[in-house]
């Protein structure tokens, strides 16, 4: 049996989730008449402590709509280094919102001093104005790092002091909440707009939401439609999100424990550049030592042995645990990867 650790998006709906989708009452969401979508939007808005929310097909679309809502073409946006918006959205932010990014900080985080040093003033004759600060929590390419909440609060306070909007790319905010033992509303509170995903970790086949003030969401609805997101009887998909929130939220702690097990087994190899103690959530990013094969070789060899992982670069690999892999499989996968990077597998 294949152990697929490429992403937590590879999960498949359970029979119970499929039944919930099939039974969902639906209507035309473009007219605000899909009861399942409306219920999900209200639930997530309350869970995030925001006034209202809108449902979107994907996390990338949520991020793109957020940028279009909070910025204007030619603006500058401050983001963490190697953020999803910069590395994994096909240049959409430049094409759709017309913004440029300035990467700041290290290891998936940055502090208020970084914001104040990098923010470009409005009205400058040369510089593009910085108008938005974006935080990714958890941070994907940094290994599922949870951004410390005291740091988040300092950053958002500094942004407000400079008149900058704030956006949380919280695709895996559910993981951050479980790992930090904080409520989602607490993690979302400092931000003007928050995105969350239902297909990462929670096991839904698709769907994300944006949450914020009513005025902000009204504007986001316009841009969702401009981007082609005119939603019809999408309650069939929203029902999967409702089911996921009901059944798959607390169990994220299992994924985190399984990621630590995988990392501890993998770290038995001297050629895996990884400290298992740094694994906070369900993502394990590890480097390949000088004596290890390169990333493409590791991915190919792992596939031959029934384990699927993803190469972030020539010497960097990512593995992500999720509800469709067991604890035993994660331990087995760690042993297999350890043998491969030792060139004994």
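The values are calculated or read from the model by the stated rules, or taken from the named source; none is laboratory data. Being a predicted model, the structure only gives us computed values, none of them experimental. Cβ coordinates were reconstructed from backbone atoms using ideal geometry, including for glycine residues, and neighbour counts include every protein chain displayed.
Kindly indicate whether residue 303 is in a helix (DSSP H, G or I), under 17 Å from residue 143 (Cα atoms) and out of contact with any strand residue (DSSP E or B) (no Cβ under 9 Å at 6 or more places or on another chain).
Working: in a helix (DSSP H, G or I): yes; under 17 Å from residue 143 (Cα atoms): no; out of contact with any strand residue (DSSP E or B) (no Cβ under 9 Å at 6 or more places or on another chain): yes.
It is false that residue 303 is in a helix (DSSP H, G or I), under 17 Å from residue 143 (Cα atoms) and out of contact with any strand residue (DSSP E or B) (no Cβ under 9 Å at 6 or more places or on another chain).
Please determine whether any residue of the range 43-61 is under 13 Å from residue 238 (Cβ atoms) and assigned to a helix (DSSP H, G or I). Steps first, please.
From the range 43-61, those under 13 Å from residue 238 (Cβ atoms) are 43-44, 53-57; that's our starting set.
When the remaining residues are screened for being assigned to a helix (DSSP H, G or I), the result is 43-44.
Checked against the condition, which is being under 13 Å from residue 238 (Cβ atoms) and assigned to a helix (DSSP H, G or I), the range 43-61 yields at least one hit.
Could you run through the range 135-167 and say how many residues are part of a strand (DSSP E or B), without any contact (Cβ under 8 Å) to a residue 60 or more places away in the chain and touching a helix residue (DSSP H, G or I) at 6+ places or on another chain (Cβ under 7 Å)?
So the answer is 3.
Here's the yes/no breakdown for (1) in contact with a strand residue (DSSP E or B) (Cβ under 9 Å, 6 or more places away or on another chain); (2) part of a strand (DSSP E or B):
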{"site": "169", "(1), (2)": "yes, yes"}
{"site": "176", "(1), (2)": "yes, no"}
{"site": "185", "(1), (2)": "no, no"}
{"site": "191", "(1), (2)": "yes, no"}
{"site": "196", "(1), (2)": "yes, yes"}
{"site": "205", "(1), (2)": "no, no"}
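Among the listed residues 201, 235, identify the single one that is closer than 30 Å to residue 16 by Cβ, crowded, with 24+ Cβ neighbours inside 10 Å, at pLDDT below 95 and not assigned by TED's automatic domain parsing to the domain that holds residue 320.
Residue meeting the stated conditions: 201.
Kindly evaluate residue 106 against the criterion of being surrounded by fewer than 17 Cβ atoms within 10 Å (Cβ to Cβ) and under 25 Å from residue 284 (Cβ atoms). Show your work before the answer.
On the way: surrounded by fewer than 17 Cβ atoms within 10 Å (Cβ to Cβ): yes; under 25 Å from residue 284 (Cβ atoms): yes.
So residue 106 fits the description; yes.
Criterion first (within 17 Å of residue 59 (Cα to Cα) and surrounded by 15 or more Cβ atoms within 10 Å (Cβ to Cβ)) does residue 79 satisfy it? Steps first, please.
Numbers: within 17 Å of residue 59 (Cα to Cα): yes; surrounded by 15 or more Cβ atoms within 10 Å (Cβ to Cβ): yes.
For residue 79, the condition - within 17 Å of residue 59 (Cα to Cα) and surrounded by 15 or more Cβ atoms within 10 Å (Cβ to Cβ) - is met.
State whether the residues of the range 82-92 include one that is more than 30 Å from residue 285 (Cβ to Cβ), crowded, with 21+ Cβ neighbours inside 10 Å and touching a residue at least 40 places away in the same chain (Cβ under 8 Å).
The first filter runs over the range 82-92 and keeps only residues more than 30 Å from residue 285 (Cβ to Cβ), leaving none.
No, the conditions are met nowhere in the range 82-92.
Checking the structure you have, find out if any residue of the range 218-229 is within 30 Å of residue 333 (Cα to Cα) and at pLDDT 95 or above. Outline the logic, then answer.
Of the range 218-229, the ones within 30 Å of residue 333 (Cα to Cα) are none.
No; the residues of the range 218-229 include none that is within 30 Å of residue 333 (Cα to Cα) and at pLDDT 95 or above.
Yes/no matrix, rows are residues, columns are (1) over 28 Å from residue 244 (Cα atoms); (2) without any contact (Cβ under 8 Å) to a residue 24 or more places away in the chain; (3) in contact with a helix residue (DSSP H, G or I) (Cβ under 8 Å, 6 or more places away or on another chain):
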{"position": "98", "(1), (2), (3)": "yes, no, no"}
{"position": "111", "(1), (2), (3)": "yes, no, yes"}
{"position": "124", "(1), (2), (3)": "yes, yes, no"}
{"position": "133", "(1), (2), (3)": "yes, no, yes"}
{"position": "171", "(1), (2), (3)": "no, no, yes"}
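Which of the residues that make up the range 268-279 are touching a residue at least 24 places away in the same chain (Cβ under 8 Å), surrounded by fewer than 21 Cβ atoms within 10 Å (Cβ to Cβ) and not in a helix (DSSP H, G or I)?
Filtering the range 268-279 down to residues touching a residue at least 24 places away in the same chain (Cβ under 8 Å) leaves 268-272, 278-279.
In the following step, the residues that additionally are surrounded by fewer than 21 Cβ atoms within 10 Å (Cβ to Cβ) were identified as 268, 270-271, 278.
The answer is 268, 270, 271.
Condition (residue is part of a helix (DSSP H, G or I) and either in the same structural domain as residue 174 (by TED's automatic domain parsing) or out of contact with any helix residue (DSSP H, G or I) (no Cβ under 8 Å at 6 or more places or on another chain) (or both)) applied to the range 313-330: is it met by at least one residue?
So far as the range 313-330 goes, yes, one or more of its residues are part of a helix (DSSP H, G or I) and either in the same structural domain as residue 174 (by TED's automatic domain parsing) or out of contact with any helix residue (DSSP H, G or I) (no Cβ under 8 Å at 6 or more places or on another chain) (or both).
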